[in-house]
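One structure is given here, and the rest of the page talks about it.
The values are calculated or read from the model by the stated rules, or taken from the named source; none is laboratory data. The shown structure was predicted, so the numbers you read here are calculated from the model rather than taken from an experiment. Backbone-built Cβ (ideal geometry, glycine too); neighbour counts: all protein chains shown. Each accessible area value is taken on the protein alone, full model and side chains, heavy atoms only, with ligands, DNA and RNA left out. Shrake-Rupley method; radii C 1.70, N 1.55, O 1.52, S 1.80 Å.
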Amino acid sequence: MNNECFDQAIARVASGDVTGLEDIYRAYASSIYAVCLSVTGQRADAEDAAAETFLRVWKKADTYRRGNGHRAWLMTIAHHTAAEMMRRQSRISPVEDAVLETIPVAAGPEDETCTRLLLDGALQTLSEPERQVVSLHVIADLPLREVARILEVPLGTIAWRKRQAMGKLRRLLMERENAS
């Protein structure tokens with residue numbers, strides 16, 4: 001969904017038209033779910049957090065400012081919603097193979113590698129901070145600067161975590177391919 005289409009959809013949401021939210025849901029449900037899963041680590045919790053995210057989008061539609069990066073706005077809401085949910089539950093659960101197989105992947109420059117790794121369950125080998133960066137940058141297709149803003153971590157740290165994570169995932173993939 002481009003900026004103009006999003007602006008039209010969110011304006012409809014702000015006026016109480018549910019079709020605007022349906023359009024946003026169709027365009028971003030998988031990315032929002034991936035962000036929520038990267039925080040919660042459990043499919044059921046991620047589904048709850050994603051649903052809560054769309055409720056918040058409905059309630060906050062009138063606060064969106066055109067031209068401020070709609071994708072980052074949505075993913076920030078998703079990340080904060082999932083994090084709040086986990087704080088309320090006072091737990092962070094590990095990501096399971098079965099959950100990783102259900103993650104829909106957005107297009108991006110590292111899409112092929114990450115798709116194969118997600119399907120193999122390799123993402124769980126990363127630390128939680130690395131997994132969050134990979135989920136937000138590669139799966140949700142956000143620029144590193146936006147990932148840094150969402151996670152409230154310096155950009156250099158985010159770039160380092162991404163390099164570390166992608167290196168680990170590439171090594172794991174090569175090991176698996178050599179073992180075949």
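Determine, yes or no, whether A148 is in contact with a Ser or Thr (Cβ under 9 Å, 6 or more places away or on another chain) and either closer than 30 Å to M1 by Cα or surrounded by 19 or more Cβ atoms within 10 Å (Cβ to Cβ) (or both). When the stated conditions are applied, A148 passes them.
Might you let me know whether segment 76-87 holds any residue that is open to solvent by 70 Å² or more (accessible area, probe 1.4 Å) and either farther than 18 Å from H137 by Cα or modelled with pLDDT of 80 or more (or both)? Taking every residue of segment 76-87 in turn, at least one turns out to be open to solvent by 70 Å² or more (accessible area, probe 1.4 Å) and either farther than 18 Å from H137 by Cα or modelled with pLDDT of 80 or more (or both). The set of residues in segment 66-75 being under 15 Å from Q8 (Cβ atoms) and modelled with pLDDT under 85 consists of R66, G67.
Would you confirm whether or not segment 51-58 contains a residue that is more than 30 Å from Q124 (Cα to Cα) and either open to solvent by 60 Å² or more (accessible area, probe 1.4 Å) or among the acidic types (D, E) (or both)? Break it down into steps so the answer makes sense when it comes.
Residues of segment 51-58 more than 30 Å from Q124 (Cα to Cα): 58.
With either open to solvent by 60 Å² or more (accessible area, probe 1.4 Å) or among the acidic types (D, E) (or both) added as a condition, the list becomes 58.
Yes, segment 51-58 contains a residue that is more than 30 Å from Q124 (Cα to Cα) and either open to solvent by 60 Å² or more (accessible area, probe 1.4 Å) or among the acidic types (D, E) (or both).
For L172, the conditions (1) within 18 Å of V39 (Cβ to Cβ); (2) open to solvent by less than 40 Å² (accessible area, probe 1.4 Å); (3) at pLDDT below 85 are fulfilled apart from (1). Of the helices (runs of 4 or more DSSP H) that lie entirely inside segment 1-95, those containing 3 or more residues that are among the aliphatic types (A, V, I, L, M) and farther than 20 Å from R149 by Cβ span 3-14, 18-40, 43-60.
Close Cβ contacts (under 8 Å, 6 or more residues apart or on different chains) running from residues in segment 1-20 that are of a type in the set (S, T, Y) to residues that are assigned to a helix (DSSP H, G or I) comprise T19/R12.
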